[in-house]
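Enquirer: Encoded as structure tokens, here's the structure I'll be asking about.
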Amino acid sequence: MSSYEEPNNPELESFRQQWRAEVQARAARHASSSQRQQHHQHHESHAGPSSTSPAQPIRVTTPRGKPPASAKKTVVKDSEDDYVRSQPFDEPVHAAGAAQGEKGKGAAGTQQEPVTALEHYERAVEKEAAGNLGESLRLYRKAFQMDDQVDQKYRNKHFPKKPAPVSSSTSATGAGFKTTPTSTQKQEPSQPIPLKDLIESFSSLTITPAPPVIEGTPPPPCPIASLPEEILVQILEDVAINDVGDFVRLSLVCKRFAYLVATEDRIWRRICLGSEFGFGGMHYYWQCQITWEPLTEADLIREAEESSNAQDDPNTSGTTTPTTTTSFPAPALTLAARARLHAEEKRAVTLAFYNSPLYSSSWQRMWRLRPRIRFNGVYISTVNYMRPGLGVNQVTWGASPIHIVTYYRYLRFFRDGTVISLLTTAEPGEVVHHLTKEYVAQFAGQNNIPAGANLPGAVMRSALKGRWRMAREGENPGASLSEIEGDVIVETEGVTTLPSTNFNTNANANTTPLSYTMTPRQKGGGGSGGPISFFKSVYDLETLDTRFVVPASVPYRAAVADPSFGKPDKRATAPRWHTFEFWVYYLVFATAVPYMFWVAYDVSRPEDPRYKKYQKYLSDGWIPGRKIVSLYNPSPPPPRSPPFSLQSVIQDRRDEANHHQDVSDAQYHTFRTNLPYMALLLILHPLARKLWNTLVHPIPADAATSPSEAAADLRQRQRTSFDYAFALLYLVALHGFSAAKILLILAANYRLATSLPKRWIPVATWTFNICILFANELCQGYRFRDMAMLWTGPVKKGDPVPPVVQLGRWLDRHGGLINRWEILFNITVLRLISFNLDYYWSLDRRASSPIEVRLVPSHFCLYRNKSNVPKKKQLDPSSLSERDRVALPAPSHAFTFRTYLAYAIYAPLYLTGPILTFNDYISQSRHRPATISGARTLRYGIRFFLALLAMEIILHYDYVCAISKARPNWSSYTPAQLSLLSYFNLHLIWLKLLLPWRFFRLWSLTDGIDPPENMLRCVSNNYSTLSFWRGWHRSYYRWLLRYIYIPLGGTDFSSAAKAVKSVVTYLTVFTFVALWHDIKLNLLVWGWLIVLFFLPEIAANYLFPKRKWEAARPTAYRMLCGVGAVGNVLMMMMANLVGFAVGLDGLESIIKGIFREYQGLVFLGTACGALFVGIQVMFEIRAGELRRGVNLKC
């Protein structure tokens, strides 16, 4: 500043102020014009988001040392937000930056409504980035409906392929310099300078001070410009040690700084070798225990032994690592010596990697590419999954609403080798600032904190302690150099086994790829511990059906890879198996169970005086000295005398049906008789499929396992072509000429779905199929003889039988292996309804792929990086959850008649089920389910054989079924005999249904289709009338939910009106269930009794709410539930005896026999006590499942 002072002159001072104002205004106008021109050139050349981007070509328009005039007048104001995520100075600019710049420009003004498909897609990306997933989903759908290739156009626009570098020419003014065009010249676009040349062009530049704000005034001071380079490098090194991000952002200040940041290898070497952020701070051995306690001497000895064994292992030799890992001497080192040895080892490995071809002797390249952990943020995995839903009181047959559920997995790593893991639905803003060790120590594991508590306790109660380390070279033998250190291994509380699953992630541009490794639980009884362990694995829930241990909304692979898989449920209680209470229960079991079997066996002995009455229903068994219940009355029905008429024929069919008292008995008789032939078919059918796939319908070898949609289409056509051909042969073999009737019904149903207007499809489907149920029953399968007599009229006695009637009789006699096809056709009716309604619901989603509607950004990102926009990630169609397989519509080309017939008559599931929806069948035809494995299928087959053996033994020693078929005098039995005969009768019904269902499901599993398991629990392991139906005929229960219960609006007992509506819904569902089984009065009564018996349990839940009672008085609540459950069990027994065993008259006789004398009341009280004990054991079984992380809700 000058010390010269002018005299005080008001006019001169006024002139100076006017002159300064005019200069400032002129400078502002010039700067605005310059910025507009630069912005226009930026859009034309597709450069970076701003002119200050370090990777954008820079034009020097004046000789070095003299700034241009425009630069003197332009004041650049940098926003702090620009530095949230900077483009690395040594990478080319991506088009994403331009896209963000355009988006920011549009956001400044009024957003216009999108018109084209690309505009809809761009707006959807913005909404998704903002967290508005519902709106983004709507926009994505709209975009794909307008153009199914819009995603490719978006990629081509915003992420074009990088053009090949073009060498720059040298002008007369020097390399890398061009003359500034005048205002009258047209500026031609030029090719960008290669990055290496651009950085080199900065080598001779100095730090240029900022220009003065006003011309003629001194520039602001710039002391750093006069520092020697050695001191400047030391300052930059100190900045880098404090924060590498700040050091890199210095490259945006000036070109000299950009050159130093890009080329000063001494600084990058210090960063890489240091322990602040570099590889000196990484851990390749455990630094603590999982609970954050220090390592013990036993841990150090174990580590030394493992290191010694790893060196002796021949599998670890031959690695491509450019160094040799330092080994531990024996005995184990002390903690201090161990730390020194590890530090030396990390430094040696880093120096060796520096000279490797992967990093090309560049410390900066090593920093960017070598895996490492960041400690200045939180790693967050955001997972969104979709499930279909419906309003509780909404009745609709259209597209159901979609619920998008979001949950987060948080990982915060610490420098000392510890980590905090948290899986929660809480938003990052509620979690990140509380993810500290202090809050973990204060709140973690406190289950008594309510869900609605204040932060941080509400979220940190579920936090888990853990430890982390990077993978070492010896743990990945045979891997390439870039893959040796590609994993980070995390162990948290509740995870006790070695890592097995990797989730590859990218944090951001400054963080190298990271692999997060977690381990699923050890399945109970699934280990290899000899015959006892294998027997336990046979009866494991996962052996029965993986659906019982994996949530329906989560894919199987993702569920078993999740570290929370198998984690105890928070509602689980401590085991009671070894308490005094349960030792008393064991004594009751040891007394009651043998007595129950003895009573049933005692009335089945030949010495019993009532034996002769039911002896005709017995036949010789395969156990020496014992007979077996034949389950089928071989005597023919009483013949009817002519004249023949339609009425007499229909009556004959009814008499024939009524003659076999229990249709399920006839079914099991057929199943048992044909079991050897069906077992042979179970083996030959998959072999025939392989032969078909090889000779008749081959596909390319790579298409057999490729997850692409094109390969899935090939697999679907291959599988359904075989199923279609085999279905025709199977129908003819089973039903002979009656197969034509079935095909005619199927064709009519298909025509209804594909020809009627959309709004009429549901009504027509239900009307047609319910009419088919009644017609099949009343007309007894439409015998050809009956149809011929409709044409010829009744045949009188003595008249010759017309040839048409004779032909009809001949066709009826050739009815295949199962002449009465209509008995088992009810299962097929469910598949016909499933196809029609799945087709109806798919019509709303035809314009877009069902996979693209799933927005699942499942990558890890640093929360501190505000500009990290989650990418749109499509759902993997080869790894869908069960709910997705059922809800997502099949491709439009799958709704053909051939595929429809292949599904409806799919051989393994045609006769008895389980029931599989059409969408699920198509999905599994396209992608083999991950739930199918040979070992699990083998264990399932062994479990089926053991159930078959149990059935055979019961039929040989307990003749309860024959006794009930003989219409006995129930008054001749004691109350104990009456009760236990009824009890075992229900078990026989359960087994008669269980065995065919499991056999045909076993056949389906062998063939590559995984249908639901029908029987979840034994009939003796149920205490709730509401929950019973979730596990009994489970596939039918799920079918009812999807196609009847949910469309009717579900149930809601929050008010009297809603309760009445809910009861009507229950009555509608169970009326259909009863009529679907058979058109009989006792089944209708059974269905209505079930609804009636729902009401006491619903009322008890309302009067004794679980949340209130269980928290305050858990033991009293458990005892109260046991008392109520005894009543439930008795009511369920009565309802099922009416529907499937003795009918109303038989139940009335049994009840009278029990209550006719005092002895019956005493036995009833004793039986209720035994049931109470059994129910307490049922409670503990379910508590044990919760301790394994399984909640079956039944």
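Enquirer: Take the residues in the stretch 456-482 that are assigned to a helix (DSSP H, G or I) and not charged (D, E, K, R), then tell me which one is modelled with the highest pLDDT. Give the steps one after another, and end with the answer.
Expert: Restricting attention to the stretch 456-482, the residues satisfying the condition of being assigned to a helix (DSSP H, G or I) are 457-460, 473-475, 481-482.
Applying the additional criterion that residues be not charged (D, E, K, R) yields 457-460, 474, 481-482.
Working: Gly457: 73, Ala458: 75, Val459: 80, Met460: 84, Gly474: 63, Leu481: 59, Ser482: 60.
So the residue we want is Met460.
Enquirer: Moving on. Restricting the stretch 609-627 to residues that are of a type in the set (Ser, Thr, Tyr) and in a helix (DSSP H, G or I), which is surrounded by the fewest Cβ atoms within 10 Å (Cβ to Cβ)? Break it down stepwise before answering.
Expert: Residues of the stretch 609-627 of a type in the set (Ser, Thr, Tyr): 611, 614, 617, 619.
From what is left, the residues that are in a helix (DSSP H, G or I) are 611, 614, 617.
Details: Tyr611: 16, Tyr614: 21, Tyr617: 22.
Of everything passing the filter in the stretch 609-627, Tyr611 is surrounded by the fewest Cβ atoms within 10 Å (Cβ to Cβ).
Enquirer: Applying the selection to the stretch 503-544, what residues are at pLDDT 85 or above and touching a Phe, Trp or Tyr at 6+ places or on another chain (Cβ under 9 Å)?
Expert: Val538, Leu541, Glu542, Thr543, Leu544
Enquirer: Please determine whether any residue of the stretch 552-566 is modelled with pLDDT of 80 or more, in a loop (DSSP other than H, G, I, E, B), loosely packed, with under 15 Cβ neighbours inside 10 Å and not aliphatic (A, V, I, L, M).
Expert: No, there is no match, as no residue in the stretch 552-566 is modelled with pLDDT of 80 or more, in a loop (DSSP other than H, G, I, E, B), loosely packed, with under 15 Cβ neighbours inside 10 Å and not aliphatic (A, V, I, L, M).
Enquirer: Same structure again: Can you find a residue in the stretch 1061-1072 that is crowded, with 17+ Cβ neighbours inside 10 Å, within 34 Å of the chain's Cα centre (by Cα), more than 24 Å from Asn1022 (Cβ to Cβ) and touching a residue at least 12 places away in the same chain (Cβ under 8 Å)?
Expert: Yes, the conditions are met somewhere in the stretch 1061-1072.
Enquirer: Going residue by residue through the stretch 212-223, is there one that turns out to be at pLDDT below 80, open to solvent by 60 Å² or more (accessible area, probe 1.4 Å) and over 30 Å from Glu113 (Cα atoms)?
Expert: no
Enquirer: Checking Leu295 against (1) open to solvent by less than 60 Å² (accessible area, probe 1.4 Å); (2) without any contact (Cβ under 8 Å) to a residue 60 or more places away in the chain; (3) in a helix (DSSP H, G or I), which test does it fail?
Expert: All conditions are met except number (3).
Enquirer: Filter the stretch 934-975 down to the residues that are charged (D, E, K, R) and touching a residue at least 40 places away in the same chain (Cβ under 8 Å) and list them by number. Even if it seems obvious, please write down each step before you answer.
Expert: Taking the stretch 934-975 first, the residues charged (D, E, K, R) are 936, 939, 943, 952, 958, 965, 967.
Within the stretch 934-975, Arg936, Arg939, Arg943, Glu952, Asp958, Lys965 qualify.
Enquirer: Scan Lys741, Lys758 and give me the residue that is open to solvent by 50 Å² or more (accessible area, probe 1.4 Å) and at pLDDT below 95.
Expert: Values: Lys741 fails: open to solvent by 50 Å² or more (accessible area, probe 1.4 Å).
So the residue among Lys741, Lys758 that is open to solvent by 50 Å² or more (accessible area, probe 1.4 Å) and at pLDDT below 95 is Lys758.
Enquirer: Can you tell me which residue in the stretch 1023-1045 is farthest from Arg831 (Cα to Cα), limited to those that are part of a loop (DSSP other than H, G, I, E, B) and open to solvent by less than 40 Å² (accessible area, probe 1.4 Å)?
Expert: Within the stretch 1023-1045, the first condition is being part of a loop (DSSP other than H, G, I, E, B), and the residues that meet it are 1023-1024, 1032-1033.
Now narrow it down to the ones that are open to solvent by less than 40 Å² (accessible area, probe 1.4 Å): 1024, 1032-1033.
Working: Ser1024: 29, Trp1032: 19, His1033: 15 Å.
Taking the candidates together, the pick is Ser1024.
Enquirer: Taking the stretch 1162-1189, which residues are free of Cβ contacts under 8 Å to residues at least 24 places away in the same chain and more than 43 Å from the chain's Cα centre (by Cα)?
Expert: If the condition is that a residue be free of Cβ contacts under 8 Å to residues at least 24 places away in the same chain and more than 43 Å from the chain's Cα centre (by Cα), then Val1162, Gly1165, Thr1166 are the ones that fit.
Enquirer: Which members of the stretch 661-708 meet the condition of being open to solvent by 40 Å² or more (accessible area, probe 1.4 Å), at pLDDT below 85 and closer than 21 Å to Asp723 by Cβ?
Expert: Ala704, Thr705
Enquirer: Pairs only if they're at least six apart or on different chains, beta carbon under 7 angstrom, first in the stretch 900-917 and on the phi > 0 side of the Ramachandran plot, second open to solvent by less than 10 Å² (accessible area, probe 1.4 Å) and assigned to a loop (DSSP other than H, G, I, E, B); list them, first residue then second.
Expert: Hits for this filter: Gly913/Asn1014.
Enquirer: While we're here: Kindly indicate which of Ser979, Ser971 is at pLDDT 80 or above, open to solvent by 10 Å² or more (accessible area, probe 1.4 Å), among the polar types (S, T, N, Q) and part of a helix (DSSP H, G or I). Please lay out each step first, then the result.
Expert: Working: Ser971 fails: at pLDDT 80 or above.
Result: Ser979 is the single residue among Ser979, Ser971 that is at pLDDT 80 or above, open to solvent by 10 Å² or more (accessible area, probe 1.4 Å), among the polar types (S, T, N, Q) and part of a helix (DSSP H, G or I).
Enquirer: Would you check if Leu1161 is open to solvent by 30 Å² or more (accessible area, probe 1.4 Å) and assigned to a helix (DSSP H, G or I)?
Expert: On the way: open to solvent by 30 Å² or more (accessible area, probe 1.4 Å): yes; assigned to a helix (DSSP H, G or I): yes.
Taking the combined requirement at face value, the residue satisfies it.
Enquirer: Here is a further query. Restricting to the stretch 118-153, what's the tally of residues that are open to solvent by 60 Å² or more (accessible area, probe 1.4 Å), in a loop (DSSP other than H, G, I, E, B) and free of Cβ contacts under 8 Å to residues at least 24 places away in the same chain?
Expert: Within the stretch 118-153, residues that are open to solvent by 60 Å² or more (accessible area, probe 1.4 Å), in a loop (DSSP other than H, G, I, E, B) and free of Cβ contacts under 8 Å to residues at least 24 places away in the same chain number 3.
Enquirer: Hey, another quick one. Could you list, ordered by first residue, the pairs with Cβ atoms under 6 Å in which the first is in the stretch 685-706 and not in a helix (DSSP H, G or I) and the second is not acidic (Asp, Glu), at least 6 apart or interchain?
Expert: His697/Gln718; His697/Ser721; Ile699/Leu714; Ile699/Gln718
Enquirer: Please state which one of Leu993, Leu1048 is in a loop (DSSP other than H, G, I, E, B) and touching a residue at least 60 places away in the same chain (Cβ under 8 Å). Steps first, answer last, please.
Expert: On the way: Leu993 fails: in a loop (DSSP other than H, G, I, E, B).
Criteria check complete, one pass: Leu1048.
Enquirer: Against the definition (open to solvent by 30 Å² or more (accessible area, probe 1.4 Å), modelled with pLDDT under 90 and within 30 Å of Val886 (Cα to Cα)), how does Ile823 come out, yes or no?
Expert: Judged against the criteria, Ile823 is a match.
Enquirer: Might you let me know whether the stretch 1008-1015 holds any residue that is modelled with pLDDT under 90 and in contact with an Asp or Glu (Cβ under 9 Å, 6 or more places away or on another chain)?
Expert: So far as the stretch 1008-1015 goes, no, none of its residues is modelled with pLDDT under 90 and in contact with an Asp or Glu (Cβ under 9 Å, 6 or more places away or on another chain).
The values are calculated or read from the model by the stated rules, or taken from the named source; none is laboratory data. Keep in mind the model is a prediction, meaning the values are calculated, not measured. Don't worry about glycine lacking a Cβ; one is built from the backbone with ideal geometry, like all the others, and counts go over all protein chains shown. Areas reflect the complete protein model, heavy atoms only, side chains present, ligands, DNA and RNA absent. Shrake-Rupley method; radii C 1.70, N 1.55, O 1.52, S 1.80 Å.
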